[in-house]
1. Residues being modelled with pLDDT of 50 or more and more than 13 Å from the chain's Cα centre (by Cα): count how many of those fall in segment 131-151.
Amino acid sequence: MLSFLAGLAIIYVGALVLLYVFQRNLMYFPNAASPDIAATGAEGLLQPAAYRSADGIDLISWFRPPPSPDAPVLLHFHGNAGHIGDRTGRIVPYAEAGMGILLAEYRGFGGNGGAPTEQGLYADARAAIDFPRTIARVFGGRAPPAPTTSSNPHDSDSLGLGRPGRMHCPEDLTPL
């Protein structure tokens with residue numbers, strides 16, 4: 001009986017070690033292939049946008065500039081699987097409502113270098129939040145303040161939050 005319990009304990013500890021070693025493979029399911037805007041039907045709606053995260057990873061995302069200086073910019077993070085090419089259908093109602101859009105891509109996803117890690121994804125998200133602010137200078141528009149740098153992220157109606165499973169139209173956004 002004691003040898004049976006010892007064997008069970010060894011199997012249990014071995015399973016825990018395997019879970020620890022391969023935990024990133026269980027969290028992130030990136031499609032590393034570069035998505036094609038034309039193949040998704042978003043040609044003319046979105047254009048490639050390049051920016052760099054604070055730790056030096058070059059990222060390619062898809063962007064639709066705001067059509068007017070006062071138009072909000074929707075920043076869409078696609079989650080832990082696939083790539084931005086799988087999400088273009090979700091942004092059409094927002095584009096039709098007159099919003100600028102950034103379909104943000106991460107390291108290790110969609111042809112971008114690097115491998116996904118929690119801290120790396122935070123850096124990628126901060127770079128994506130900052131990107132519309134830099135573009136707004138080029139287009140002469142107003143861009144949302146980055147919540148990571150603003151003392152009060154609630155001082156603008158240009159940013160909004162939505163839950164991925166429930167974002168079906170612009171009214172589903174919750175202003176920050």
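The values are calculated or read from the model by the stated rules, or taken from the named source; none is laboratory data. Just so you know, these numbers come straight off a predicted model, no measurement behind them. Cβ sites come from the backbone with ideal geometry, for glycine too, and all protein chains shown count toward neighbours.
1. Number of matching residues: 5.
For every residue, the table says whether it meets (1) surrounded by 10 or more Cβ atoms within 10 Å (Cβ to Cβ); (2) closer than 17 Å to Glu118 by Cα; (3) in the same structural domain as Asp124 (by TED's automatic domain parsing).
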position	(1), (2), (3)
Phe22	yes, yes, no
Gly44	no, no, yes
Tyr51	yes, no, yes
Leu59	yes, yes, yes
Ala71	yes, no, yes
Asp86	yes, no, yes
